Amino acid sequence: QVQLVESGGGLVQAGGSLRLSCAASGRTFRRLIMAWFRQVPGKEREFVAHISWSGGRTYYADSVKGRFTISRDNAKNTMYLQMNSLKPEDTAVYYCAADPTFYAGTGYANYDYWGQGTQVTVSS
């Protein structure tokens, strides 16, 4: 089992920045592929970014590429999402996800473990 707890969400004006954190426990963190997803009411959960075990490989959705940065600190069992140049369309509940495989891709069904989510609201 893996427990994931997100933090860092909040209200920010368009153009501003936020940093989300995801603290993991219960399993060897460095052997988890980690990802961020987001969801707005009435829509399917959307892939944002994922990061490899070592942190050396990252992949982003086109909608956030160049504005968001995913990273991880295996010594602290924590993953981050630095969000810059935020837009109102980035408003969503952001979820941390993990899977004990080498690669899980962009589909939310591929991830076994989820956090409870943190709300990000970007005002115009």
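Here are the numbers for this structure:
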item	result
Residue with peak Gaussian network fluctuation, the chain [Cα springs, cutoff 10 Å], from TYR94, TYR80, TYR108	TYR108
Length added when fully stretched, ARG57-THR101, from 0.36 nm per residue minus Cα-Cα	14.4 nm
Computed lengthening from LYS76 to SER25, 0.36 nm per intervening residue step minus Cα-Cα distance	17.4 nm
Among GLY16, GLY66, GLY56, residue whose mean-square fluctuation peaks in a GNM of the chain (springs only between Cα atoms under 10 Å)	GLY56
Cut-off 12 Å between beta-carbons: net charge of the residues surrounding LEU4, Lys and Arg +1, Asp and Glu -1	-2
Loop trypsin sites (Lys or Arg not before Pro), region 41-124 (other Cβ atoms within 10 Å of the site Cβ: 16 or fewer; DSSP)	LYS43, ARG57, LYS65, ARG67, LYS76
Carbon + sulfur, % of accessible area of the chain - ligands and nucleic acids excluded, 1.4 Å	47
Per residue accessible area in Å² of the chain, where ligands, DNA and RNA are left out and the probe is 1.4 Å	51
Per residue convex hull volume, Cα atoms of region 1-75, in Å³	120
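The values are calculated or read from the model by the stated rules, or taken from the named source; none is laboratory data. What you are looking at is a predicted structure, and each value in this text was computed from that prediction instead of being measured. Neighbour counts run over all protein chains shown; Cβ positions are idealised from the backbone, glycine included. Heavy atoms of the whole protein, side chains included, go into the accessibility calculation; ligands, DNA and RNA do not. Shrake-Rupley method; radii C 1.70, N 1.55, O 1.52, S 1.80 Å.
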